[in-house]
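The values are calculated or read from the model by the stated rules, or taken from the named source; none is laboratory data. A quick note: this is a predicted structure, and the numbers were derived from the prediction, not measured. Using ideal geometry, Cβ is built from the backbone for each residue, glycine included, and neighbour counts are taken over all protein chains shown.
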Amino acid sequence: MKTIVIGGGIVGLCTAWALRKQGVDVTVIEAGRVPCATAASSDHHRLTRPFYGAAHGYAARMPAAFDAFETLFEDLPAPRGRYYVETGMVVTSRERGDYADLSRQSLDRIGEPYTLLETEAEIAQRLPMLEPEGITYAMLARGGALMADTILRDLAFLLRSTGVPVVELSPVTRLDTAEGIVHLASGDSLRADRVILCAGTGLSALLPGLNIPLTPRRTLIVYADPPADLADAWAQAPGWIDLGGPTDYWGLPPVAGLPLKLGNGLMGRDDPDDSDRQITRDEMIALRESYRGLFRDIDGFRLRWGQANYWMKAPEHRFILRREGRVLAASADSGHGFKFGALSGIDIAEAVVSDDVDGVAARMAGGDDGGDLVGR
């Protein structure tokens, strides 16, 4: 079987890796470089954690997602510490039934271990960088920083070293789904038995007739140095995915020589202008200000740089796998896809080899748990 993977982000490269491990002939086509600075997968790091709020189906898949990355790390050319930094992850609860409460239910259900901090003294001792007012309890579990660009770069190297062409700077202009023909901007064309489309924000343009309701979204992140008097506390801090109440805060402490990373999903917007790739200084200040009352001495955080990330959002932030002719279209981002990247690649490769697209698609979608992922 000859396959072509379109897209050199985490899902595309991991799909090629998983196919190659099964002996499948595979070629990767990428419009830009690997890693591509404007791709949803690209950044210094992405966080991973078992917390998923009401989306219990995705929480149940997280142990397999951790394991899939461990399998990938064994194949990559450098030691594991180059690709993953364990920081632990925290959520805080401020009201009954919030994200932390729902995540706790999931972790109890799947037997994932965690530590509860239930008194003000416990929280102050372990999390001295937080403003404690309003916190009912904090919950700590495993998780940390997946070093995204390094993983992508070394994964592309691994693929090439095992005979998989990773063809960069080759935009795809058109697909013949019936014949499995990929037409390139260069005028060349390639034919395959199966074409796997992992093109992120470019997916809808290449398969407009597939009728997948995808929405491009722009979100903001800021890198900053914490106040000097809290630097030691932050050096020992966990990452965070939710800080209680109706929020979408997430981020990582300083790791691997990088500053602290602040995110706030509620500051994003749908259907951005593709030219609006630069974060403004005002947006960076507003993002930092949104953490007031949550982190101590927020005015002492020194902004270093910021980024505007584009990604493709599916309904309820679900992962989608659809077939049209010889093409499998995968939308496995929705703002929370990198942590599933290795597992999604294994899933999609299984769908190609077994031809059980519907069964794999249902598994990738996280099951029927009724939870809205809120882009986390």
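Structure summary
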{"quantity": "Candidate set from region 247-278 (those that are among the small types (Gly, Ala, Ser) and more than 28 Å from residue 205 (Cβ to Cβ)); member that is surrounded by the fewest Cβ atoms within 10 Å (Cβ to Cβ)", "calculated": "257"}
{"quantity": "Residues that are in contact with a helix residue (DSSP H, G or I) (Cβ under 8 Å, 6 or more places away or on another chain) and assigned to a loop (DSSP other than H, G, I, E, B), drawn from region 247-281", "calculated": "247, 248, 253, 254"}
{"quantity": "Output for region 316-354, where each listed residue is over 23 Å from residue 208 (Cα atoms), among the charged types (D, E, K, R) and over 14 Å from the mean Cα position of the chain (by Cα)", "calculated": "347, 350"}
{"quantity": "Residue satisfying all of: in region 295-310; surrounded by 13 or more Cβ atoms within 10 Å (Cβ to Cβ) and among the hydrophobic types (A, V, I, L, M, F, W, C); nearest to residue 336 (Cα to Cα) among these", "calculated": "308"}
{"quantity": "Residue 174 being touching a strand residue (DSSP E or B) at 6+ places or on another chain (Cβ under 6 Å) and modelled with pLDDT under 95", "calculated": "no"}
{"quantity": "Tally, over region 115-162, of residues that are within 30 Å of residue 18 (Cβ to Cβ) and not hydrophobic (A, V, I, L, M, F, W, C)", "calculated": "10"}
{"quantity": "Test: residue in region 127-136 that is part of a helix (DSSP H, G or I), in contact with a Lys or Arg (Cβ under 8 Å, 6 or more places away or on another chain) and at pLDDT 95 or above", "calculated": "no"}
{"quantity": "Residue check for residue 292: within 23 Å of residue 46 (Cβ to Cβ), of a type in the set (D, E, K, R) and surrounded by fewer than 15 Cβ atoms within 10 Å (Cβ to Cβ)", "calculated": "no"}
{"quantity": "Residues (at pLDDT 95 or above and over 30 Å from residue 214 (Cβ atoms)) located in region 244-290", "calculated": "253, 254, 255, 256, 257, 258, 259, 260, 281, 285, 288, 289"}
{"quantity": "Single residue of region 30-46 satisfying the filter (of a type in the set (A, V, I, L, M, F, W, C) and surrounded by 19 or more Cβ atoms within 10 Å (Cβ to Cβ)) that is farthest from residue 307 (Cα to Cα)", "calculated": "31"}
{"quantity": "Residue match in region 97-111 (condition: of a type in the set (S, T, N, Q), surrounded by 18 or more Cβ atoms within 10 Å (Cβ to Cβ) and outside any helix (DSSP H, G or I))", "calculated": "no"}
{"quantity": "Criterion violated by residue 74 - all others in (1) out of contact with any helix residue (DSSP H, G or I) (no Cβ under 7 Å at 6 or more places or on another chain); (2) crowded, with 23+ Cβ neighbours inside 10 Å; (3) of a type outside the set (S, T, N, Q); (4) more than 30 Å from residue 277 (Cα to Cα) satisfied", "calculated": "(2)"}
{"quantity": "Residue 112 of a type in the set (Asp, Glu), more than 23 Å from the chain's Cα centre (by Cα) and farther than 28 Å from residue 200 by Cα", "calculated": "no"}
{"quantity": "Every residue from region 182-211 that is more than 24 Å from residue 279 (Cβ to Cβ), touching a Pro at 6+ places or on another chain (Cβ under 9 Å) and at pLDDT below 95", "calculated": "204"}
{"quantity": "Test for residue 162: is it touching a residue at least 24 places away in the same chain (Cβ under 8 Å), touching a His at 6+ places or on another chain (Cβ under 9 Å) and among the β-branched types (Val, Ile, Thr)", "calculated": "no"}
{"quantity": "Candidate set: region 29-49, residues that are assigned to a loop (DSSP other than H, G, I, E, B) and under 13 Å from the mean Cα position of the chain (by Cα); chosen: the one nearest to residue 115 (Cα to Cα)", "calculated": "49"}
{"quantity": "Residue 54 vs. criteria in a loop (DSSP other than H, G, I, E, B), among the aliphatic types (A, V, I, L, M), surrounded by 15 or more Cβ atoms within 10 Å (Cβ to Cβ) and outside the structural domain of residue 233 (by TED's automatic domain parsing)", "calculated": "yes"}
{"quantity": "Subset of region 171-201 (residues that are surrounded by fewer than 18 Cβ atoms within 10 Å (Cβ to Cβ), outside any strand (DSSP E or B) and not acidic (Asp, Glu))", "calculated": "171, 178, 185, 186, 187"}
{"quantity": "Residue match in region 155-169 (condition: crowded, with 19+ Cβ neighbours inside 10 Å and assigned to a strand (DSSP E or B))", "calculated": "yes"}
{"quantity": "Residues of region 202-235 satisfying the condition of being within 18 Å of the chain's Cα centre (by Cα), aliphatic (A, V, I, L, M) and either assigned to a loop (DSSP other than H, G, I, E, B) or not assigned by TED's automatic domain parsing to the domain that holds residue 269 (or both)", "calculated": "203, 214"}
